[in-house]
Structures are given as structure tokens and as C-alpha cells.
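J.: Have a look at this one before I ask anything.
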Number of protein chains: 2
Amino acid sequence: MNNKENFVNKLRSSGLRPTKQRIEICKALYDREKTFHFTIMDLAKILKRKSREKISLATIYNTVFAFKKKNYLKEISINKNKSYFDTNVSSHHHFFNESSNELIDLKKSDVGRVNIKRKIPGKKIKSVEVLVRISD
Amino acid sequence: MNNKENFVNKLRSSGLRPTKQRIEICKALYDREKTFHFTIMDLAKILKRKSREKISLATIYNTVFAFKKKNYLKEISINKNKSYFDTNVSSHHHFFNESSNELIDLKKSDVGRVNIKRKIPGKKIKSVEVLVRISD
DNA sequence: CACTACTTTAGAATCATTATAAAGTAGAAA
DNA sequence: TTTCTACTTTATAATGATTCTAAAGTAGTG
Ligand SMILES: [Mn+2]
Ligand SMILES: [Mn+2]
Ligand SMILES: [Zn+2]
Ligand SMILES: [Zn+2]
């Protein structure tokens with residue numbers, strides 16, 4: 001389904017040249033069944049293992065931020081030392097397992113409607129996201 | 001109300017020696033009417049302005065983390081480059097104004113009850129917090 | 001093939017945070 | 001008060017993630 005051809009097309013149609021580095025990164029990110037939550041360092045390690053040729057850390061940063069700008073990745077802030085990225089770019093809620101430092105997506109139906117009653121004059125709501133911290 | 005005597009007592013009863021640096025930091029943090037949301041750099045600037053004697057950045061870090069450990073401050077993660085601290089240590093929700101990078105507390109009554117329907121076997125819920133991003 | 005804009009890369013720079021270790025101080029005891 | 005010690009502050013160095021730089025490489029076009 002998400003084969004190389006797809007990635008090439010998607011990149012090209014986004015104005016990003018389908019370089020071999022970007023295709024490798026696409027495979028690592030999107031060639032999986034479930035949402036992937038990762039840090040830059042997670043991704044760097046995966047690429048080091050899976051990919052034959054070395055991809056420089058600078059390129060990993062460049063690509064992740066390029067994908068974020070194109071809305072193919074979403075950045076999630078959980079704590080100051082780790083910045084997480086998420087292949088699920090929709091507005092959604094999370095469990096954060098503090099024992100394993102792992103993020104888990106919550107579906108809309110897992111959380112009852114969140115009703116924000118207070119308004120701030122002149123401001124618009126951009127997103128409403130719930131973070132549920134869990135541990136053993 | 002929150003005069004120097006109170007701070008001295010509170011520090012001493014927490015096993016923290018009431019040094020003049022810690023008292024100055026207490027004044028900056030707690031001698032105010034509303035919840036205070038700040039970054040370390042915010043606090044450093046305030047202390048530089050308000051306090052006669054210089055307090056080293058190392059001491060500001062040490063004290064903020066000592067207060068966090070004693071549960072006199074809560075750390076809030078909004079984005080990777082800024083770590084916010086909050087003088088409201090209860091579990092509560094926030095607006096985050098993306099135009100001004102400002103946090104605003106939401107009261108319990110400002111948000112309808114958040115109902116987490118999904119359970120993770122063997123895990124306990126530690127907190128449920130809502131972040132509402134707003135902008136102009 | 002030739003050209004150009006985009007891309008990758010190693011390495012340096014930056015900057016918030018953390019660690020180090022020496023000097024200073026609060027509190028307790030003598 | 002004086003002494004003692006553990007705690008605290010401080011300047012400074014180290015760390016480490018991220019960003020920047022500038023040179024070499026490459027995709028796409030004609
Ligand atoms: Mn935290
Ligand atoms: Mn962000
Ligand atoms: Zn997610
Ligand atoms: Zn708050």
C-alpha cells in the first residue's frame with residue numbers, strides 16, 4: 001500500500017524532491033500499521049539500523065521539520081527534554097505512560113466531548129487536546 | 001499575608017534553609033494575587049530587576065527544582081524550547097495563547113467533566129489535563 | 001549534456017540546562 | 001560566643017539537543 005512509488009508521488013506533489021534519504025525516512029515513518037510516536041533520536045536510531053546508507057542527523061532534522069511544515073507530522077510536547085512527533089496529524093488526545101515514556105493515541109470515542117465553557121474575547125480556539133498521564 | 005515570616009516558616013518546615021536568595025525567590029513567585037506562569041528566564045529577569053543583590057542562575061535553577069520537588073511549583077510542557085512553571089500546583093487545565101505565548105488557568109467549572117472511557121489494564125490514571133490553544 | 005535550484009552533509013556554533021568544586025552560611029552543639 | 005558541619009550559593013565548565021554554515025552532491029529541466 002504505502003510503497004516506494006506512493007512516497008515518491010507524495011513527496012513530488014508536495015514540492016519536495018524524492019531523494020533516497022527522504023524515501024528511507026518515509027518508509028521508517030509511514031510503512032507501519034499503527035500511529036508512530038517518536039523522538040528525533042528514536043528515528044535516528046531506527047534509520048541507523050534499517051537503512052543501508054547513513055543519513056546524517058542534519059538531514060533527519062531537516063526532513064522531520066519539512067514534513068511537519070507540510071502537515072505530514074505533528075509535534076507533541078510532553079516534557080522539556082524530549083520532543084515527540086506523531087504520524088497522526090489530526091487533533092487528538094493521548095495517554096502518556098510515565099513508566100515507559102510512551103504515547104498512546106486516544107480515539108475521539110475514548111473521551112467524552114470536552115466542553116470549553118469559558119471564552120476569551122477576541123481569541124479563537126485552535127485546538128483542544130487532553131493528555132492523560134498514566135503509570136503502573 | 002505572604003510576608004517574609006511566612007516564607008521563612010514554610011521553607012524551614014520543608015527542610016529548606018531560609019536563605020536570602022530563597023526568600024527573594026519566594027517573594028517573586030508567591031507575593032502576587034494571581035497564579036504565576038513563568039519560565040526560568042522570566043524569573044531570572046524579574047529577580048534581576050526586583051532584587052538588590054544578584055542571584056546566580058544556578059541558584060535560580062536549584063531553587064525552582066527544589067520547590068518543584070516539594071510540590072510548591074508544577075512544571076508545564078507546552079513546547080520544546082520553553083519549560084513553564086506554575087504556582088498553581090493543583091491538577092488544572094489551561095488556555096495557551098499562541099500569539100503571546102501566555103498560559104491562562106482554566107477553572108474546573110470552565111471545562112465540563114472530561115470522561116476517559118478507555119482503560120489500560122494494569123495502569124492507573126495520574127492526571128487528566130486539557131490544553132486549549134488559542135490565538136487572535 | 002549543461003544548468004540551476006534544491007538537498008545533503010560534516011562540522012561548528014548556539015543555548016538551555018546540568019555538573020563541578022570551591023567559598024560562604026545556617027543551624028546546632030559546645 | 002565559638003565551633004562544627006551539612007547545606008547552599010556561586011562562577012565556571014561541561015553537556016547535549018538543536019540550529020547554522022558552507023561546501024559538495026543531486027534531481028529535474030531543457
Ligand atoms: Mn514533567
Ligand atoms: Mn509546537
Ligand atoms: Zn498521537
Ligand atoms: Zn496553571
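The values are calculated or read from the model by the stated rules, or taken from the named source; none is laboratory data. Bear in mind the structure is a predicted one, so any value in this text is a computation, not a measurement. Cβ coordinates were reconstructed from backbone atoms using ideal geometry, including for glycine residues, and neighbour counts include every protein chain displayed. All accessible areas refer to the heavy atoms of the entire protein, side chains included, with ligands and DNA or RNA removed. Shrake-Rupley method; radii C 1.70, N 1.55, O 1.52, S 1.80 Å.
J.: What about A:Leu43, is it open to solvent by less than 20 Å² (accessible area, probe 1.4 Å) and either within 12 Å of the chain's Cα centre (by Cα) or modelled with pLDDT of 95 or more (or both)?
T.: yes
J.: Run down A:Ile55, A:Ile116 and say which single residue is over 28 Å from B:Asn115 (Cα atoms), more than 17 Å from the chain's Cα centre (by Cα) and modelled with pLDDT of 95 or more.
T.: On inspection, the qualifying residue turns out to be A:Ile55.
J.: Quick check: anything in segment A:92-114 under 18 Å from B:Lys80 (Cα atoms) and not assigned by TED's automatic domain parsing to the domain that holds A:Val130?
T.: no
J.: Test each condition in (1) more than 14 Å from every other protein chain (Cβ to nearest Cβ); (2) surrounded by 18 or more Cβ atoms within 10 Å (Cβ to Cβ) for B:Leu131 and report the one that comes out false.
T.: Evaluating B:Leu131 over (1) more than 14 Å from every other protein chain (Cβ to nearest Cβ); (2) surrounded by 18 or more Cβ atoms within 10 Å (Cβ to Cβ) leaves (1) as the failure.
J.: For segment A:58-83, which residues satisfy the criterion of being on the phi < 0 side of the Ramachandran plot, of a type outside the set (D, E, K, R), open to solvent by 10 Å² or more (accessible area, probe 1.4 Å) and within 16 Å of ligand 2 (Cβ to nearest atom)?
T.: A:Tyr61, A:Phe65, A:Ala66, A:Tyr72, A:Ile76, A:Ser77, A:Asn79, A:Asn81, A:Ser83
J.: Considering every residue within segment A:83-99, establish whether at least one is away from ligand 4 (no atom under 16 Å from the Cβ) and more than 18 Å from the chain's Cα centre (by Cα).
T.: Within segment A:83-99, one or more residues are away from ligand 4 (no atom under 16 Å from the Cβ) and more than 18 Å from the chain's Cα centre (by Cα).
J.: Any chance segment B:106-121 includes a residue that's closer than 30 Å to A:Gly122 by Cβ and assigned to a strand (DSSP E or B)?
T.: Checked segment B:106-121: at least one residue is closer than 30 Å to A:Gly122 by Cβ and assigned to a strand (DSSP E or B).
J.: Between A:Val114, A:Val89, A:Val132, which is away from DNA strand D (no atom under 16 Å from the Cβ), under 30 Å from A:Gly15 (Cβ atoms) and of a type in the set (A, V, I, L, M)?
T.: After ruling out the rest, the residue left standing is A:Val89.
J.: Could I ask something else about it? May I ask you to say which residue of A:Ile120, A:Ile104, A:Ile116 is within 15 Å of A:Phe38 (Cα to Cα), at the interface with chain B (Cβ under 8 Å from one of its Cβ atoms) and either buried (at least 17 other Cβ atoms within 10 Å of the Cβ) or of a type in the set (A, V, I, L, M) (or both)?
T.: Among A:Ile120, A:Ile104, A:Ile116, only A:Ile104 is within 15 Å of A:Phe38 (Cα to Cα), at the interface with chain B (Cβ under 8 Å from one of its Cβ atoms) and either buried (at least 17 other Cβ atoms within 10 Å of the Cβ) or of a type in the set (A, V, I, L, M) (or both).
J.: Here is a further query. Under 8 Å between Cβ atoms, which residue pairs at least 6 apart in sequence (or on different chains) link something in segment B:81-108 that is within 16 Å of DNA strand C (Cβ to nearest atom) with a partner that is part of a loop (DSSP other than H, G, I, E, B)?
T.: As it stands, the answer is B:Lys82/B:Asn101; B:Ser83/A:Lys80; B:Phe85/B:Leu73; B:Asp86/B:Thr35; B:Asp86/B:Phe36; B:Asp86/B:Leu73, since those pairs meet every condition given.
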